[in-house]
Amino acid sequence: MVLGEEAKEVCEGLDPSGVERFIRNHMDELGALVLVGERMKPFMEKDITKIHHADDLRGGIEIAKIIDKGKDIILSCVKCFR
């Protein structure tokens, strides 16, 4: 899964406490998690073997593809300013 925000200036950015709650409640259901955005970086330490970080959506998708190796579905939930 790719989760986060491309920039903290995104209107109604992703609530970091909600991300922390998601990790606590659902990490065992995911093969891996790629967090996107500067404010998501601290959550990597929750499980350094399964949680990765990217600066932007494109980088997050690329990391997920490398981890996935074409075997699973990649879910993306990244708030972006467009």
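Largest GNM mean-square fluctuation among 30, 57, 14, using the chain with Cα springs under 10 Å: 30. Full extension of the chain between residue 47 and residue 77 gives 8.9 nm of extra length, using 0.36 nm per residue less the Cα-Cα distance. A 1.4 Å probe run over the range 2-70, with the rest of the protein chains in place, finds 60 Å² accessible per residue. Taking 0.36 nm per residue of separation and subtracting the Cα-Cα distance, full extension of the segment from residue 68 to residue 7 would add 19.5 nm. Rounded to the nearest 0.05, what FRET efficiency do residue 55 and residue 17 give with R0 = 22 Å and r taken as the Cβ-Cβ distance? Could you check? In this case the efficiency is close to 0.55. Candidates 43, 33, 67 compared by Cα position along the dipole of the chain: farthest toward the positive end lies 67, with charges placed on Cβ.
Remark: the Cα gyration tensor places the chain in the oblate category, a/c being 1.5 or greater and a/b not exceeding b/c.
The values are calculated or read from the model by the stated rules, or taken from the named source; none is laboratory data. Every value quoted in this text rests on a predicted model; they were computed, and no experiment measured them. Heads up, the Cβs are rebuilt from the backbone with ideal geometry, glycines too, and the neighbour counts pull from every protein chain shown. Heavy atoms of the whole protein, side chains included, go into the accessibility calculation; ligands, DNA and RNA do not. Shrake-Rupley method; radii C 1.70, N 1.55, O 1.52, S 1.80 Å.
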